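Participant: Below you will find the structure I want to go over with you.
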Amino acid sequence: MKPWEVLARAPVPGGKGEFVLHHRDGTFVIRVNGQELMSSRVHGSEETLARLGCEGLRATPGARVLVGGLGLGYTLRATLDVLGGDAQVVVAELAEAIVAWNRGPLASLAGEPLQDGRVRVETADVKRVMRGAGPWNAILLDVDNGPSGLTQPSNAGLYDSAGLAAAHAALKPGGVLAVWSAGPDERFTRRLQQAGFTAELHSSRAGPGRGTRHTLFLARRRRTDRQGSAP
Ligand SMILES: C[S@@+](CC[C@H](N)C(=O)[O-])C[C@H]1O[C@@H](n2cnc3c(N)ncnc32)[C@H](O)[C@@H]1O
């Protein structure tokens, strides 16, 4: 078997290691400190995250969606495919290099989603973008392994009670927070409910009809709650 070719390297923002972009026989992989972050071989659950999180939004005029974590662009592509022509999608990506690679060698993997006129890229922490540029119809988070087992310790602040309260406040009434996770997490489900969401868990295969099962948390802000009511 051919060895992996290293196409590029970049420091992880915050100084904790290095992203490495590998290529072999048409497959692209981004690794962080030797661990696979994302591969072009399997992206089923990343796409399902978008389809579940944006369900029903095609018919919503001017729908606003925040995608947290660009990776290889599959969640962003699936989001664009679900939404209507007047939607606005902001993608928040921490690493400048990941954005540059998506404009370069990775661009065609998910059909050049950054070229879509509905997309604005913020090279920033999704925590900051979520709070600053809402309210959102949907927030899709795929920035780590999920609520536990983080590769980026600062991401804990997205999944703890304060982070969930911020996400809840940043959503429109009836809006959805969809979270990708390597597996189920009962404590996270409870925290979602305590933050005022209705929470559902979905299981999604990594590949078409095969592969590891991942967990997708679908948390909806109620249409009427203490912080607001449906328009
Ligand atoms: C697993 S990948 C996302 C894969 C993506 N869903 C796809 O379809 O290819 C995680 C991405 O989130 C980014 N990231 C990690 N923490 C972040 C944060 N707090 N804010 C924004 N981006 C973050 C990483 O740099 C990486 O590009």
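Participant: Using the Cα centre of the chain as origin and beta-carbon charges of +1 (Lys, Arg) and -1 (Asp, Glu), tell me which of 50, 194, 104 is placed farthest towards the positive end of the dipole.
Facilitator: About the Cα centre, the residue reaching furthest to the positive side is 194.
Participant: Considering only the chain, what is the antiparallel percent among its DSSP beta bridges, to the nearest 5?
Facilitator: The antiparallel fraction comes to roughly 65 percent.
Participant: How many percent of Cα pairs in segment 152-208 exceed 15 Å? Each step should come with its number before you reach the end.
Facilitator: Numbers: 818 of 1596 pairs.
Distances greater than 15 Å cover 51 percent of the Cα pairs.
Participant: Using modelled amide H (1.01 Å from N, peptide plane; none on Pro or chain starts), what sits under 5 Å from the amide H of residue 28, excluding residues fewer than 5 places away?
Facilitator: Under 5 Å from the amide H of residue 28 lie the amide H atoms of 40, 41, each far enough along the sequence or on another chain.
Participant: Right, another one. Roughly what would the spin-label model give for residue 161 and residue 128, points 7 Å off Cα along C-beta, in nm?
Facilitator: 2.7 nm
Participant: Give the long-range amide H neighbours of residue 124: residues separated by 5 or more places, or on another chain, with amide H under 5 Å away, using H modelled in the peptide plane at 1.01 Å from N.
Facilitator: 93, 94
Participant: How large is ³J(HN,Hα), in whole Hz, for each residue of segment 71-79 in order, when computed from phi with the Karplus curve 6.51 cos²θ - 1.76 cosθ + 1.60 and θ = phi - 60°, using x for Gly and Pro?
Facilitator: Rounded to whole hertz, the list is x, 9, x, 6, 5, 4, 4, 5, 4.
Participant: Which ³J(HN,Hα) values in Hz, rounded to whole numbers, follow from the phi angles of segment 129-134 under the Karplus curve 6.51 cos²θ - 1.76 cosθ + 1.60, where θ = phi - 60° and Gly and Pro get x?
Facilitator: 5, 4, 6, x, 10, x
Participant: Please name whichever of 117, 154, 130 sits farthest to the positive end of the charge dipole of the chain, dipole taken about the Cα centre and charges placed at Cβ: Lys and Arg +1, Asp and Glu -1.
Facilitator: 130
Participant: So if I take the centroid of the Cα atoms in segment 192-209 and the same for segment 51-117, what is the distance between those two points in Å?
Facilitator: That distance is 20 Å.
Participant: Another question, then. Which of the chymotrypsin sites (Phe, Trp or Tyr not before Pro) found in segment 14-114 are in a DSSP loop and have at most 11 neighbouring Cβ atoms, other than their own, within 10 Å?
Facilitator: Answer by residue number: there is no such site.
Participant: Moving on to the next point. Which value, in nm² and rounded to one decimal, describes the direction-averaged projected area of the C-alpha convex hull of the chain?
Facilitator: So the Cα hull casts an average projection of 12.1 nm².
Participant: Efficiency by 1/(1 + (r/R0)^6): what FRET value for residue 223 and residue 8, r their Cβ-Cβ distance, R0 = 41 Å, to the nearest 0.05?
Facilitator: The pair residue 223/residue 8 has a calculated efficiency of 0.35.
Participant: For residue 172, list the lysines whose Cα falls under 19 Å from its own Cα; do not include residues on the same chain fewer than 8 positions away.
Facilitator: Qualifying lysines at Cα under 19 Å: 127.
Participant: Also, quick follow-up: Residue separation times 0.36 nm, minus the C-alpha to C-alpha distance between residue 59 and residue 116: what's the value?
Facilitator: 18.6 nm
Participant: Mind putting a number on the dipole of the chain about its Cα centre? Charges go on the C-beta only, +1 for Lys and Arg and -1 for Asp and Glu, and I need it in Debye to the nearest 20.
Facilitator: Numbers: 28 positive and 22 negative charges, 102 e Å.
So the magnitude is around 500 debye.
Participant: To the nearest 500 deg cm²/dmol, what mean residue ellipticity at 222 nm is calculated for the chain from DSSP H runs of n ≥ 4 alone, each contributing -39,500 (n - 2.57), summed and divided by the residues?
Facilitator: Only helices count here, giving -6500 deg cm²/dmol.
Every number here is computed from the coordinates shown, using simple stated rules; none is lab data. Every value quoted in this text rests on a predicted model; they were computed, and no experiment measured them. Neighbour counts are summed over all protein chains in view; Cβ atoms, including those assigned to glycine, are modelled from backbone coordinates with ideal geometry.
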